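The block underneath contains the structure these notes are about, expressed in structure tokens.
What follows draws every value from the coordinates through simple rules; no lab data is involved. Everything numeric in this text was worked out from a predicted model, so none of it was measured. Here the Cβ positions follow ideal geometry from the backbone for every residue, glycine too, while neighbour counts run over all protein chains shown.
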Amino acid sequence: PLWLAVEEFFDRTEQDPLKVSQLYDELSDPPFGIKAGLLPVLFLAAYLIYKDEIAIYEDGYYSPFMTQELLEKILKSPSTFSIQRFRTDNLKDQLFKKYAQAITFDNPTEVNMMSVLKPLSRFMVNLPDYTKRTKKVSEKVQKIREHFFSAKSPAQLLFKDLPIACGFEPIHPQTTNEKLEAFSNELKSVFAELRIAYHKLLSEFRAMLKNAFHEDEKIPFSELRERLRGRYGPLQTYTIDTQGLKAFLGRLADPYGDDAHWLNSLATFIARKPPEKWLDEDINIVEYRLVEFSKRLRDLERLRIHYEENALASQNPKIEVVMLRTVRQGGNDYDAIIALDESKKKAINDKLAKIQDMLNELQTDDLRLAVLAKLFEDQLVEQKNKEDQPLSPAKGNK
């Protein structure tokens, strides 16, 4: 009689979920009078027998996995947990098989609701955070995702919410096998889109990387890595860690790990969080930062070349190289690289002091900087007029 009472309670949950504490109350009352310590044992024994048909809810929300943590919570607070039984009839059996095919690509002979919900839940929960939030997927996928993560009833999710999100009517006894097959095909496309969303993000970042460094978009990724390491790796001795440039350069030239690890390291550094945690709005920020880093590296490369040429020509490794640049609204950017050694510094010292005195006569820093900017631009124009070829706008060298 005791076990029949437990089974009868589970049968009643097919209509609506019932609290675990209600089962305990019924078993502790006459005629059974079961002691409190044995009630969880009876519940767990019944659950293990019918686990493929039983859904567990915590505070009204479906919990797909019976973990050790969940079991301990049920033992401590049975009133916050409910159960519901889902037995399989022919229609449900066909529907569950279609779900199983869409999720696992298998063609199972026997399925039930739990054998569908668990892999579905595992698939959805294990998606990267980016995939769970991005709007760069179809509207249909967004609806499926929203319904899953807000689902309270697995039956409503499988029989109503997901079919409607895919453009079908809720599943009912009159639903034909053809409709189930069509629905299954839609599910396959939805899950495929979810599977590749994060990979598309990484592909987009790879394209950004090629574009920022002016590399051919068709170049193999492993070759891109070697090209960037070979070109920019030697620059590590020419920079200090200002605004993250040295750290970025270290990751760019890192020879260790596979290409996927290298890409993830770059993406994480630029975005300041791993790509699986990105939001859609992070993508534009990442692209901007990547372009800025690439510009600074190309400037550093030009300084290195200028330094080596002048150091070799003068046989003086102690020279300094400085880049000056003007950016005028509505005009081109122009720059100049100056090599300074001790002889040049001595040659300008007297004039430098006089110019500094004249600048100090001006009232504000803005005025002093305005004079310097005008002098620099005028000097560039004069230099341009003296040269046979015009001074080119400053552009990143490839």
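Just a few scattered comments:
- Relative contact order for the range 258-398, counting Cα pairs under 8 Å that sit 6 or more residues apart, in percent: 17
- Computed about its Cα centre, the charge dipole of the range 90-201 is approximately 460 debye, with only Lys, Arg, Asp and Glu carrying charge at their Cβ.
- 12 Å beta-carbon shell around Leu39, net charge (K/R +1, D/E -1): -2
- Under the simplified labelling scheme, the Ala5-His261 pair shows an inter-label distance of 6.1 nm, with each label point 7 Å from Cα along Cα→Cβ.
- Considering only Leu297, Ala165, Ala260, and ranking their Cα positions along the charge dipole of the chain that arises from unit charges at the beta-carbon of Lys, Arg, Asp and Glu, the one farthest toward the positive end is Leu297.
- This ranking places Tyr47, Tyr130, Tyr288, Tyr99 by how few other beta-carbon atoms lie within 10 Å of each, fewest first, which gives Tyr288, Tyr47, Tyr130, Tyr99.
- Förster radius 41 Å - calculated FRET efficiency between Asp254 and Lys200, Cβ distance, rounded to 0.05: 0.95
- 0 to 90° range, to nearest 10: angle between helix 280-314 axis and the chain longest Cα axis: 30
- The P(r) of the chain has a tail past 37 Å containing 52 percent of all C-alpha pairs.
- Helix 90-104 axis, angle to the chain major axis (alpha carbon atoms, nearest 10°): 20
- Compared with the alpha-carbon gap, the fully stretched path from Glu320 to Asp365 is longer by 13.6 nm at 0.36 nm per residue.
- Modelled this way, with points 7 Å down the Cα-to-C-beta line, the labels at Leu44 and Lys273 are 3.9 nm from one another.
- Given their separation in residues at 0.36 nm each and the Cα-Cα distance between them, Ala207 and Ile164 gain 11.8 nm when the chain is fully extended.
- Each part reduced to its alpha carbon centroid, the range 1-69 and the range 281-301 end up 59 Å apart.
- Taking the Cα centre of the range 1-152 as origin and assigning +1 to Lys and Arg Cβ atoms and -1 to Asp and Glu Cβ atoms, the resulting dipole is close to 920 debye.
- In the chain, taking the dipole from charged Cβ atoms about the Cα centre, the farthest positive-side position among Ser28, Val116, His199 is held by His199.
- Calculated FRET efficiency for the pair Lys345/Phe149, C-beta based, R₀ 51 Å, to 0.05: 0.15
- The eigenvalues of the Cα gyration tensor, multiplied by 5 and square-rooted, give the range 267-394 an equivalent ellipsoid with semi-axes of 35, 22, 17 Å from largest to smallest.
- Here the chain carries DSSP beta bridges of which approximately 100% are antiparallel, counting only pairs with both residues inside.
- MRE, 222 nm, helices only [DSSP H, n ≥ 4, -39500 (n - 2.57), over the chain, to nearest 500]: -19000 deg cm²/dmol
- Note on the range 183-301: with charges restricted to the Cβ of Lys and Arg (+1) and Asp and Glu (-1), its dipole about the Cα centre is near 240 debye.
- Extended-chain gain in nm, criterion 0.36 nm per residue less alpha-carbon gap, Asn185 and Ser63: 41.2 nm
- Net charge contributed by nearby residues that have their C-beta within less than 15 Å of Ala347 (K/R +1, D/E -1): +1
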